[in-house]
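A quick write-up on the structure given underneath.
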Amino acid sequence: MPYTATVLRAMIASPSDVPEARDAVEKAIHGWNSAHAQRKGLILQPWRWETSAVPMLGAHPQKLINAQGVDDSDIVFALFGGRLGSPTPDAVSGTAEEIDRALKAGKPVHLYFSTAPLPHDIDTVQLDALRAFKTDMYDRGLLGEFSTPEQLNHEVWKAIEHDIATLYPDTESASRPDPTAVDFRVQPQQERELSGHNSKGKPRYRTRRWVDVTNTSGRDAEEVTFASADKDSGMTLGPNGPTTIHAGQTRRVPITLSLGGSGDPVLRIRWTEDGEQKERDFHVG
């Protein structure tokens, strides 16, 4: 069904050593769109130089990326792994220049550093430059970290929610034509926990995942059940049966994601409202 929406461009900025992280940001953006775009009347459009930039001559490549990407973006997500990136005529790296340009224009900039193990052949000159840059950034705001693409996906989702609430504070109320209807806020969560030790005494860790489902309406949601909307996604849920989620109450739903899944994990919530069964899908990958 066609609908009218405001389109916001979200630029994904980074050196070349974090392709999986770039994919995770784009996946989070598309996931947020699937869950909220039609209801809120807002769509986020990811912008990546490798797929979105138009080839042109006549200026330094970074200036063209600035003009096509940074200047026309509404939100910027900047990522770093073990490299700062190549210097430009005006900055220590292209990504650093994009961050500065976006900040000077008053755009929301979210900066994340990977804490994943570094490769053995890491360029130590680049790594030292990145560490110096990170130290400088501590005085300019709050920095984010991620150890896996899944964690970054979750962090980006939170950032999007924050930016939408700040840029469009009336969106939430405007998206609810019936303020008495049941509505949910779904937030994927995860934490790393110790699972044991190997034969050499080194710790082993596992990632525990769950989804916080909050009834944000002013009425109780009855006969609520949870299921995976896509059986090929590799997502399984902990034991759950019909339950009541009272107004303002949050229910924790344990989930497991398998490596062999071929689809996006989507949580399907069913409930009864005024004697009628309803359902809604939420992207939780």
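The values are calculated or read from the model by the stated rules, or taken from the named source; none is laboratory data. Note that the structure is a prediction, hence the values are computed from the model and not measured. We place every Cβ from the backbone using ideal geometry, glycine too, and count neighbours over all the protein chains shown. Side chains included, ligands, DNA and RNA excluded: accessible areas come from the protein's heavy atoms. Shrake-Rupley method; radii C 1.70, N 1.55, O 1.52, S 1.80 Å.
Assorted remarks:
- Top-ranked residue in region 10-26 [being surrounded by fewer than 22 Cβ atoms within 10 Å (Cβ to Cβ), in contact (Cβ under 8 Å) with a residue 60 or more places away in the chain and touching a Pro at 6+ places or on another chain (Cβ under 8 Å); ranked as nearest to Leu127 (Cα to Cα)]: Glu20
- Test for Gln189: is it open to solvent by less than 80 Å² (accessible area, probe 1.4 Å), under 26 Å from the mean Cα position of the chain (by Cα) and modelled with pLDDT of 85 or more: no
- When region 79-116 is filtered for residues that are assigned to a loop (DSSP other than H, G, I, E, B), of a type in the set (A, V, I, L, M, F, W, C) and open to solvent by less than 30 Å² (accessible area, probe 1.4 Å), the ones remaining, listed by number, are Leu84, Ala91.
- Whichever residue in region 96-149 is in contact (Cβ under 8 Å) with a residue 40 or more places away in the chain and acidic (Asp, Glu) and, among such residues, is nearest to Ala165 (Cα to Cα): Glu98
- Residue that is surrounded by the most Cβ atoms within 10 Å (Cβ to Cβ) [pool: residues in region 162-185 that are out of contact with any Lys or Arg (no Cβ under 9 Å at 6 or more places or on another chain) and modelled with pLDDT of 80 or more]: Asp163
- Selection of region 247-267 for residues being more than 20 Å from Asp232 (Cβ to Cβ), surrounded by fewer than 12 Cβ atoms within 10 Å (Cβ to Cβ) and at pLDDT below 85 yields only Gly248.
- In region 27-70, the residue that is most open to solvent (accessible area, probe 1.4 Å) out of those that are among the aliphatic types (A, V, I, L, M) and closer than 19 Å to Thr6 by Cα is Ile43.
- Residue in region 44-60 that is in contact with an Asp or Glu (Cβ under 6 Å, 6 or more places away or on another chain), within 29 Å of Gln126 (Cα to Cα) and without any contact (Cβ under 8 Å) to a residue 60 or more places away in the chain present: yes
- Residue, least open to solvent (accessible area, probe 1.4 Å), within region 195-246, restricted to residues that are touching an Asp or Glu at 6+ places or on another chain (Cβ under 6 Å), part of a loop (DSSP other than H, G, I, E, B) and not small (Gly, Ala, Ser): Thr216
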